[in-house]
Every structure is written in structure tokens, then in C-alpha cells.
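First the structure, in the form of C-alpha cells, and then the observations on it.
The values are calculated or read from the model by the stated rules, or taken from the named source; none is laboratory data. This is a predicted model, so every value here is computed, not measured. Virtual Cβ from ideal backbone geometry, glycine too; neighbours counted across all protein chains shown.
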Amino acid sequence: KIPRVQISCLSAREGETVLFRARVQTSRAQGNRMVFLNLRQRSDSVQALLVVAPEKVSKQMVKWAASLGDESIVLVQGIIKKSPEPIKSASVQDVEVDVTQLHLISGIDGRLPFTLDDAARADTDEAPVDADGKPQQFNRVLLDTRLNGRVVDLRTPTNQAVFKIQSAIGDLFRQYLSSNGFIEIHSPKLQGAATESGASVFKVSYFKGNAFLAQSPQLAKQMAIAADFERVYEIGPVFRAEDSNTPRHLTEFMGLDLEMTIEEHYHEVMELLDALFLSIFRGLREKYSNEIAIVGKQFPADEFKWREGPEGTLKLTFRQAIDILVEDGVARETLDDINTENEKRLGRLVKAKYDTDYFIIDKFPMELRPFYTMPDPEDPTLSNSYDFFMRGEEILSGAQRIHDPVLLAEKMRGKGVDPESMKGYLDAFRMGCAPHGGGGIGLERVLMLFLKLNNIRRASMFPRDPKRLEP
Ligand code: ATP
Ligand code: AMO
């Protein structure tokens, strides 16, 4: 029986006859007796050739192989031979396949939206030049075109690596939390009312009435604490009906949320979230350096930096952050809140001064935070809340929560929320609930900023934004 193998293992198979399935990246005829095929499995490829030979490969077969559409899938049987020339690329095998049989498994119906070669270049790339410095035929593929033909775009080595890293972030999140006593929960995405003050909701019809898509698992994760689960997390979709056409907003994103009880101080939660991020960053650096390097070729980025060791992660209070901006010339009167532009500016200032792409801002003014946020007992204009940043953009928002139902109802009214409309949630606290806090992370933001992809759509396999519901 002929062994079925992976292209990535072909180098070790010299002299053997093997069988494998692959995509035809390109096929190129040389005369009418020979055809070169470039075969690919995900990010690995190998050169194969078909040569007319008695009782093996017919002339018709060579002609047919030369006509195979790029990206069709074939089953190949062949003998592994030493490559005639040394191969430079790590993803290209340094052997050649002498094809003895070829079967079409899945053909191409119509035209590809763009070639994989074109998609493998940055959308901003200049046309590549050949050995004589002459610009080569090259079509720049814009982001929108890529997203329309997303399935083909996702086949590039860069995107294969991006989504391996996305999966790794979820794995590392889960591993860290489950080894620290958290359990995973699954909260409903269909809701009778809003779940997050501030963000707008999508309304869907629900039998004879309406329902809303959850804007965060906020209420459910707090109620799980009231139900004595003590440490919970969720990885699930979050829906935001905000008409934000920016490089960092989606209308549906993947939320990595957690909630936990507090023993003495809300900084227990902040410290745990910080340790969680460090374990994600370390895990990526240790196990995914190849993938990070592949992405870096298409999206050049300075390596993501964070602080290790005794000094630890940089933690600023909101006031200190404002002072840094004021010192740099931003007018204090404009700094009631830190807008996106100032957020990025702060990121650059922090990087220059502290050499880190990752930091925390603590103690936000109460008026900037949702109703469920715990005021600072020492200064009620401030709150026990924090945001985390990567490369000067927010990736996490979190806080200690109010667990006293009277104060909670008062804060709801203050933000224009009718406590009656959230009775089930308020009741959870009327029946006793331990002090607690948590945070919510946007998975696509972490991925985008770690790899510096510059647009959140590149960090989502099939992104949803105000203008896109397809594919
Ligand atoms: P959070 O919801 O916790 O604040 P976020 O990062 O999504 O997280 P938003 O308040 O939605 O924050 O927006 C943050 C920044 O993004 C704001 O400073 C706002 O000016 C900017 N922003 C939001 N929507 C748009 C938009 N459509 N165009 C330009 N900027 C926007
Ligand atoms: P917040 O609304 O700040 O907080 O959301 C938490 C994190 O989710 C990400 N995020 C987004 N990602 C993509 N597109 C969007 N439109 C978008 N909006 C937010 C960001 C943000 O930091 N309930 C609180 C969390 C908590 O307190 O536990 C909440 O939802 O990375």
C-alpha cells in the first residue's frame, strides 16, 4: 500500500513512492512532453513534474495537467527525487516529485478573484522588480476585494498564520484561567433588554415580540458570581449596533470575558488579568515565533514589547495618563476623556519613555464608566476600574462591580436606566452577592495589535461591520 503523506514531510522520503492531496498553485508546460506543477498544502509547497514516459505518463495526461486551473485540488502519486537546485525557502521542500499518477479531486468553476501570489503581498506594496529592475506584472489586492473573496485570501501563508495565532490566543486564555480555578460558562445571546449600558443593540424579531442580541455577557457573568461560581469566564460573540466605520470596530466580535470574587481589593482582579496577558504574550512568543515571522513579512512590525521582571507591567492612574498628555502639549480642557487620537499618542509617549507596548490605566472617572462600576471609596468621582492597552489602543475594559442592590439601582437611574427593566439582574444582588470584578477583552483587537495588522477586519475570519454582512 502506498503511504499517504504530508508535503511538509516529503524531504525525508527520498526514493519512495508516496500519495498526497494538494492544491495546484501553478502549472507550467514546457514543450508538449513536460509540465511543472507547484503543489501546495496550506503553507508548505513542493515542485512536481510530469514527463511523458512509456506505460507511465501519456501525452494527453501532460496536456491535461498543464490545463489544470490554479487552486484546483489534485491527488498525486509520485516518486520523491532529490531537487536539482538548492531551495532557499523554508516552506518549499528541497525535493521534487516525479508524478506517476494524477487525479482531479476538486476543480475550479470560474475565475479566481485574485491570484494567491498577489494576495500574498501587502495591499500597499510597490510592484516587485525582476533581476533587471523592471517592474513585474503585479496586481494590488485591496482589503475590500480580499474580504469579498475571503476564502481565497485566507489561503495565503500570512492568513494561515494569523488564524493559527488567533486560535492560540483563545487556547492560552482558556489554559491560564482553567488552571487558576475558573470554569467556562455559556451565557445567552438572546436577551429581553440591553446588557451593556452605552452600546447600541441589534433588535431581532422573537415570535410575536422582539429580542436583542447581547452586547456583552456582563449581566450573566455577574449573576454567575451571585450564584456562587466564584471564578467564571466565557469566550463568545458580542454584538454592537454601532455605526463605527473605523479600523478597530466590528459589529460582531469575539469577547474573552471573565469575572471573579474579590477577597480584599479589586487589584486582585487587575493583577490576575495582567498575569493572564503575560501568559498569552509569552505563549505566543515561545510557540508561535514562526507564524509571527511569516505575518511580519506581509505586515512589517516592530516586535511587540512588554515588561517582565520585578518592575512588572506599567500601571498608570487616569490622572497620570492625562498628565503625560498635557506635558506633551495636549490642552487639559480637552481631556475629560481620552479619545482615540490621544490614546494612540499616549501609547507612543509611553513606548518612548518606558519601552513597552503594553500598559494599564487604572482609576477612571466614575462618569466615564457604566452604571455597574464600583466608585472609589476614597473619592467617589473616581472608580475602581481599569483599561488595558496594546500599542496605544484599548484591548480590555474592566472594573470592580457594585454588589449592593440599593447603590446599583441608584447608579442605574443616574445613567437613565430604569431599574424595573433589569429586575432579574438586580434581584441577583438582593439575594446576596460577594464583592467581585472582572473584565472583557476583544479577541480581534488583541490579535490585530499583537501582529500590527492595522485593521481589525484582517483579524476576523469573516468580519462583520456596518457595511458588511457577507461572505
Ligand atoms: P469601549 O466601548 O469600552 O469604550 P471602544 O474601544 O470600542 O471600547 P468606544 O467608546 O466605542 O471604545 O470608542 C472609542 C473611541 O473610538 C472613541 O474615542 C471614539 O471617538 C472612537 N470612535 C468610535 N466610533 C467611531 C467612528 N464611527 N468614527 C471615528 N471614531 C470613532
Ligand atoms: P467594552 O465595551 O469596553 O466593555 O468591551 C470590552 C472590549 O471589547 C473590545 N471591543 C470591541 N472589539 C471590536 N469591535 C468593537 N466594536 C468593540 N467594542 C469593544 C475591546 C474592549 O476593550 N462589559 C464590559 C467589560 C467588563 O467590564 O467586564 C465591556 O463590554 O477590546
Among the candidates K467, K452, single out the residue that is surrounded by fewer than 20 Cβ atoms within 10 Å (Cβ to Cβ), away from ligand 1 (no atom under 16 Å from the Cβ) and basic (K, R).
K452
Of the residues that sit in the range 312-324 and are touching a strand residue (DSSP E or B) at 6+ places or on another chain (Cβ under 7 Å) and hydrophobic (A, V, I, L, M, F, W, C), which one is surrounded by the fewest Cβ atoms within 10 Å (Cβ to Cβ)?
L314
Is it the case that the range 407-416 has a residue that's closer than 22 Å to G255 by Cβ, near ligand 2 (Cβ under 8 Å from one of its atoms) and not in a helix (DSSP H, G or I)?
no
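So which residues in the range 16-58 are part of a loop (DSSP other than H, G, I, E, B), farther than 24 Å from A161 by Cα, of a type outside the set (A, V, I, L, M, F, W, C) and modelled with pLDDT under 95, if there are any at all? Before you say what the answer is, go through the steps one by one.
Start the filter on the range 16-58 by keeping residues that are part of a loop (DSSP other than H, G, I, E, B), which leaves 16, 31-33, 42-43, 52, 54-56, 58.
Subsequent filtering for residues that are farther than 24 Å from A161 by Cα retains 16, 31-33, 52, 54-56, 58.
From what is left, the residues that are of a type outside the set (A, V, I, L, M, F, W, C) are 16, 31-33, 54-56, 58.
Scanning the range 16-58 gives G31, N32, R33, P54, E55, K56, S58.
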Would the range 369-379 turn up any residue that is at pLDDT 95 or above, touching a helix residue (DSSP H, G or I) at 6+ places or on another chain (Cβ under 7 Å) and away from ligand 1 (no atom under 16 Å from the Cβ)?
yes
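Any chance you could count how many residues in the range 325-373 are away from ligand 2 (no atom under 16 Å from the Cβ) and either surrounded by fewer than 14 Cβ atoms within 10 Å (Cβ to Cβ) or without any contact (Cβ under 8 Å) to a residue 40 or more places away in the chain (or both)? Please lay out each step first, then the result.
Initial filter on the range 325-373 (away from ligand 2 (no atom under 16 Å from the Cβ)): 325-336, 341-342, 345, 348-356.
Remaining after also requiring either surrounded by fewer than 14 Cβ atoms within 10 Å (Cβ to Cβ) or without any contact (Cβ under 8 Å) to a residue 40 or more places away in the chain (or both): 325-336, 341-342, 348-349, 352-353, 355.
So the count comes out to 19.
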Would you point out which residue out of A301, A227, A241 is within 16 Å of ligand 1 (Cβ to nearest atom), among the aliphatic types (A, V, I, L, M) and surrounded by fewer than 18 Cβ atoms within 10 Å (Cβ to Cβ)?
A241
Neighbours by Cβ (under 7 Å, 6+ apart or cross-chain): first from the range 18-41, surrounded by fewer than 16 Cβ atoms within 10 Å (Cβ to Cβ); second assigned to a strand (DSSP E or B) and aromatic (F, W, Y)
R28/F36; Q30/F36
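So, restricting to strands (runs of 3 or more DSSP E) that lie completely within the range 212-328, which ones have at least 1 residues that are closer than 23 Å to I456 by Cα?
On the way: elements: 231-239, 252-261, 314-317.
Filter on the range 212-328 gives 231-239, 252-261.
On the given criteria, is R332 basic (K, R) and touching a helix residue (DSSP H, G or I) at 6+ places or on another chain (Cβ under 9 Å)? Lay out the reasoning, then the answer.
Values: basic (K, R): yes; touching a helix residue (DSSP H, G or I) at 6+ places or on another chain (Cβ under 9 Å): yes.
When the stated conditions are applied, R332 passes them.
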Meets criteria (in contact with a Leu (Cβ under 8 Å, 6 or more places away or on another chain), in contact (Cβ under 8 Å) with a residue 40 or more places away in the chain and at negative phi) for R248
no
Six or more apart or on different chains, Cβ atoms under 8 Å: show the pairs whose first residue is in the range 460-471 and on the phi > 0 side of the Ramachandran plot and whose second is of a type in the set (S, T, N, Q) and at pLDDT 95 or above.
none
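Here are some residues: S200, S187. Which one is crowded, with 19+ Cβ neighbours inside 10 Å, polar (S, T, N, Q) and either touching a helix residue (DSSP H, G or I) at 6+ places or on another chain (Cβ under 9 Å) or assigned to a loop (DSSP other than H, G, I, E, B) (or both)? Give the derivation first.
On the way: S200 fails: crowded, with 19+ Cβ neighbours inside 10 Å.
Answer to the check: S187.
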Report yes if M254 is buried (at least 18 other Cβ atoms within 10 Å of the Cβ), touching a helix residue (DSSP H, G or I) at 6+ places or on another chain (Cβ under 6 Å) and more than 24 Å from I169 (Cβ to Cβ), otherwise no.
no
Expected output for the range 393-404 (first residue within 13 Å of Q218 (Cα to Cα), partner within 15 Å of ligand 1 (Cβ to nearest atom) and polar (S, T, N, Q), Cβ below 6 Å, 6+ apart or cross-chain) is A399/T373; A399/S385
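Find the residue count for the range 88-112, including only residues that are in a loop (DSSP other than H, G, I, E, B) and either buried (at least 17 other Cβ atoms within 10 Å of the Cβ) or touching a residue at least 40 places away in the same chain (Cβ under 8 Å) (or both). Steps first, please.
Just the residues of the range 88-112 that are in a loop (DSSP other than H, G, I, E, B), to begin with: 88-91, 107-112.
This time we only want the ones that are either buried (at least 17 other Cβ atoms within 10 Å of the Cβ) or touching a residue at least 40 places away in the same chain (Cβ under 8 Å) (or both), so: 91, 112.
Number satisfying all stated conditions: 2.
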